[in-house]
Amino acid sequence: MPLKIAILNTFNEVRKRTENICKPLVIEDYSVQPIIDVSPPKWHLAHSTWFFEQFVLKKFKKNYTVFDDDFAYLFNSYYNNAGERVLRPNRGLMTRPTVSEVYEYRQYVTEHINELLKENQSDKLLELVEIGINHEQQHQELLAYDIKYILGNQPTFPKYDGDIFLQEEKQAQKFISFKEGVYEIGHKGDDFCFDNELGVHKVYVQPFKISNKLVTNKEYLEFMEAGGYQDFNLWHAEGWDFIQKHDLKAPLYWHFTKGGWKYYQFDGLEEIDPNLPVMHISYYEAYAFAEWKKMRLPTEFEWEIAADQLNYGQLWEWTASAYQPYPNFTKADGALGEYNGKFMVNLQVLRGASIATPKNHSRKTYRNFFHSSLQWMFSGIRLVSR
């Protein structure tokens, strides 16, 4: 299949999937922003559309008429080069434009991209559309996080009619050994990757042994019952201060009731399944748990070296690596150069994928990154023995 046709088909599939993620919502769900980290579903629908309008249509489509001049201000995220924007904490204050207007916007831009791709085959255009596709896939995953937070913080714990569920890992627990040596890290090949994966380089690692399974709810409950959240010796100073300030005693969505611990999943509030991987774990918690087990978290390099022998993909896995540029990393000019590079400070790398990651959007070189305190993403723990 010619590249242009493949990208056009993928573009339309991705646009449709974003809207399918929102189908189970009621209209009142679309504009809610419970915390700064959660963006309203309406905003995701519009922002992923603005990305194509801003970086593709305005540049490549002759005589293109912007759908609404205000939308660039309303739905820009963090691209300073693209102009002023609504501050992130205020995204949930926008009841206008309406949800129906946002869907009209999506249809308008989708139709214009289809027209453009049928008349223009330039490499630069296809490259930008491919970036836009992957950008929207990232927002599909964020949509899952945000929808769960919106529903999971309501008094009645409403259900979400989707298929985003964890599976028990049934393989026998073992630690896979890797020899010390020099290994190549980074993305190779001509298929798509983000700029932060580039700069193939060599790293030296000591011998290590990494678990073939994620940490389970049962194991994490043992940590909690052993006083893990009360023992400051297990925590980074910053992590200890954070859990004290916010009175954290469990992963996100866990609730202690008369019958013991329960948690909110997309099926509602339910009994904790001890055999499923523990999720919604911050880096602070992952580190403390590893300390309690007298183990450690893998570096992102160890994780990538081991990836082909791991059954990864259910949860993003915290690593011990700070988010830093690879050797020879370069930023693109203009707004697209703000995509990854400017965030390379005070963040921690996660590797793998999650049950909310779109199909064909994961690879072993993918570098996700979040602040150490965050729990709302679909994150878990894999250990390395000392």
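Quick notes on this one:
- Charge dipole (Cα centre; +1 on Lys/Arg Cβ, -1 on Asp/Glu Cβ; no other charges) of the chain amounts to roughly 520 debye.
- Folded to 0 to 90 degrees: helix 283-292 orientation relative to the chain principal axis, Cα: 20 degrees
- Percent RCO, i.e. relative contact order, over the chain, from Cα pairs under 8 Å lying at least 6 residues apart: 18 percent
- For the chain, the longest principal axis of the Cα atoms and the long axis of helix 123-152 meet at an angle of about 50 degrees.
- Accessible surface for the chain, divided over its residues, is 47 Å² per residue with a 1.4 Å probe.
- Counting only alpha carbon atoms, the long axis of helix 41-52 and the longest principal axis of the chain meet at about 60°.
- Largest GNM mean-square fluctuation across Glu101, Glu270, Glu225, computed for the chain with C-alpha springs under 10 Å, falls on Glu225.
- Remark on segment 28-102: ratio of C-alpha radius of gyration to 2.2 N^0.38 Å is 1.11.
- Part-to-part distance (alpha-carbon centres) for segment 90-115 and segment 292-313, which is given in Å: 41 Å
- Each residue of segment 127-225 gets 201 Å³ once the volume of the Cα convex hull is shared out per residue.
- Couplings 3J(HN,Hα) for segment 360-368, derived from phi with the Karplus relation 6.51 cos²θ - 1.76 cosθ + 1.60 (θ = phi - 60°), are 6, 10, 10, 6, 6, 8, 4, 10, 8 Hz, where x marks Gly and Pro.
- Each listed q (0.21 Å⁻¹) maps to a log10 I(q)/I(0) for segment 174-316 from the Debye sum over equal C-alpha point scatterers, namely -1.31.
- As a ratio to 2.2 N^0.38 Å, the alpha-carbon radius of gyration computed for the chain takes the value 1.02.
- Ignoring aspartates and glutamates fewer than eight residues from Lys262 along the same chain, the ones with Cα atoms less than 12 angstrom from its Cα are Glu270, Glu271, Asp273.
- Computed helical MRE - 222 nm, the chain, DSSP H runs ≥ 4 contributing -39500 (n - 2.57), nearest 500: -10500 deg cm²/dmol
- Viscosity 1.567 mPa s, temperature 4 °C, Stokes-Einstein D of segment 305-357 from Kirkwood C-alpha radius, µm²/s: 99 µm²/s
- Alpha-carbon centroid distance for the pair segment 191-267 / segment 46-85, whole angstrom: 37 Å
- FRET efficiency estimate (nearest 0.05) - Cβ-Cβ, Asn346 to Lys23, R0 45 angstrom: 0.75
- Of all accessible heavy-atom area on segment 216-352, the percent that carbon and sulfur account for (1.4 Å): 49 percent
- Listed residue pairs exceeding 22 Å between alpha carbons, taken from Lys118/Lys331; Lys148/Lys342; Lys62/Lys118; Lys23/Lys124: Lys118/Lys331; Lys148/Lys342; Lys23/Lys124
- Accessible carbon and sulfur surface of segment 22-62 relative to its total accessible area, %, 1.4 Å: 56 percent
- Semi-axis lengths (Å, descending) of the ellipsoid that matches the C-alpha gyration tensor of segment 49-151: 25, 16, 14
- Shape call, segment 249-333: gyration tensor on alpha carbons, a/c limit 1.5: prolate
- The alpha carbon centroids of segment 336-363 and segment 130-187 are separated by 11 Å.
- Distant alpha-carbon pairs in segment 227-386 (separation over 18 angstrom), percent: 64 percent
- A Cβ-based charge dipole, computed about the Cα centre of segment 239-373 with Lys and Arg at +1 and Asp and Glu at -1, lands at about 120 debye.
- Cα convex hull volume per residue for segment 241-292 (Å³): 108 Å³
The values are calculated or read from the model by the stated rules, or taken from the named source; none is laboratory data. Bear in mind the structure is a predicted one, so any value in this text is a computation, not a measurement. Because the Cβ atoms are built from the backbone with ideal geometry, glycine has one as well, and the counts that use them run over all protein chains shown. Remember, those area values only see protein heavy atoms, side chains included, never the ligands or the DNA or RNA. Shrake-Rupley method; radii C 1.70, N 1.55, O 1.52, S 1.80 Å.
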